[in-house]
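Participant: Dropping a structure here in structure tokens format, bear with me for questions.
Each reported figure results from applying straightforward, stated rules to the coordinates on display, with no laboratory input. This one's a predicted model, so the numbers in the text were calculated from it and none came from an experiment. A quick note on method: Cβ atoms are made from the backbone with ideal geometry, for glycine too, and the neighbour counts reach across all protein chains shown.
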Amino acid sequence: MSERTPARPDPVRQEEFTGRMLQVLNDSCLGHLCSLGHRVGLFDVMSGLPSATSAQIAGAAGLDERYVREWLGGMTVGGIVEYAPEDGGYRLPPEHAAVLSRAAGPDNMAAFMQYLAMMGDVEDEVLAAFREGGGVPYSSYPHFQDVQAEETARVYDAALTGTIVPLVPGLTGQLRSGIDVLDIGTGQGHAVNLLARAFPGSRFVGMDISAAGIATARAEAARWGLDNARFEVADTAELTGSYDLITAFDVIHDLARPARTLAAVANGLRDGGIFLMGDIAASSELSENIGHPLGPTLYALSVFYCMTVSLAEGGAGLGTAWGRQAALRMLAEAGFGEVETREVPGDILNVYYVARKR
């Protein structure tokens, strides 16, 4: 078979693509700087300050001035912070603070940037998996649950009881009257505790394989004085008991045995019970994800966490963008005969499946 001569690149398209890759590099670096700014509270401090010098900002934040000054340099050339050379003042515009400070709640994009550092931590292990197969075990992500808990808590605090629960007609009333609820893959249990506090007449169980996450959940429940929330360290694929409502928020696609877990959920629901599954809003068809506002992020998170932790256990490796088609098919195969999808206006990341058994 004769070798083909490589096509000569179009110089104009090559230059355009070079510019795009330079932007990717710069924006990736800005993402890391934003992660740092979030973690040390610089965006929160600056959102409450007028134009201030690096020394004033560092003093207000209790940080080393030299590091703050260098960070501000990156924020300035990246167009995130405004700089006045005449007096050395830095200012975070209120429009930027509205999507970078903790006060932004679910609109805070800086918190999401923490995943970038997590990806860097496991890059060598992911590289080995590319060459040898398998995956990166959950134990390689000591900070993932903290980052995930912070990310989801912002959504739950703002929308769980007032927006997400009402996606299921009549569910708010049932929770007020008193039902038995199980949350699988509960992590640090914040969703369970929020629901238990809002609906004291119902009984809640949170289940997760992470002992550290369950310990955090129990501690929060104790601080809040909740006697209707309990937490168990357990494998969701082996769940027991019967419930009126089972929830799973952003967890099914991470599992090693998602099909078995969905079947266990169906078996664990009482007659008339509901499975409320929140997961990633994407398509199972790659071509339909082109143009998704978070498309590259979803596939990166999959390579660096969601898919690889499942494969590390010899699992299905569904991936972050497993998509609606696959989700609906797997729910049907698990025994759910009626499934509806719901979305929250303005939420580009999540879709909610309301499933009932046949």
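Participant: Quote the relative contact order of segment 11-103 in percent (integer), defining contacts as alpha-carbon pairs under 8 Å separated by 6+ residues.
Facilitator: Answer for segment 11-103 is 31 percent.
Participant: So, one more: Apply the a/c threshold of 1.5 to the C-alpha gyration tensor of segment 11-103 and tell me whether it is rounded, prolate or oblate.
Facilitator: prolate
Participant: Using only Cα atoms and rounding to the nearest 10 degrees, what angle (0 to 90) does helix 144-159 make with the longest principal axis of the chain?
Facilitator: Computed tilt is about 70 degrees.
Participant: If each of D64 and N267 carries a label point 7 Å out from its Cα toward its Cβ, how far apart are those two points in nm?
Facilitator: The two pseudo-label positions are separated by 5.6 nm.
Participant: Filter the GluC sites (Glu not before Pro) in segment 294-358 down to the DSSP loop ones having no more than 13 other Cβ atoms within 10 Å, then list what survives.
Facilitator: Filter output for segment 294-358: E343.
Participant: Please list log₁₀ I(q)/I(0) at q = 0.18 Å⁻¹ for segment 91-226, using the Debye equation with identical point scatterers on the alpha-carbon positions.
Facilitator: Treating every Cα as an identical point scatterer, log10 I(q)/I(0) equals -1.07.
Participant: What GluC sites (Glu not before Pro) does segment 75-182 have in DSSP loop regions with at most 11 other beta carbons within 10 Å?
Facilitator: Answer by residue number: E86.
Participant: Multiply the residue separation of R356 and Y83 by 0.36 nm, subtract the distance between their alpha-carbon atoms, and state the gained length in nm to one decimal.
Facilitator: Net length gain for the segment: 92.7 nm.
Participant: Expressed in whole Å with the largest first, what are the equivalent ellipsoid semi-axes of the chain derived from the C-alpha gyration tensor as the square root of 5 times each eigenvalue?
Facilitator: Working from the Cα gyration tensor, I get semi-axes of 38, 29, 18 Å.
Participant: Just to be sure I understand the model, the point goes 7 Å from the Cα along the line to the Cβ. What's the resulting V12 to S283 distance in nm?
Facilitator: 3.0 nm
Participant: Provide the FRET efficiency to the nearest 0.05 for the E123-Q23 pair, computing r from the beta carbons and using R0 = 22 Å.
Facilitator: After rounding, the FRET efficiency stands at 0.55.
Participant: Then there is this: Placing +1 on the Cβ of each Lys and Arg and -1 on the Cβ of each Asp and Glu in segment 1-141, which of Y141, W71, P9 has its Cα farthest towards the positive end of the resulting dipole?
Facilitator: P9
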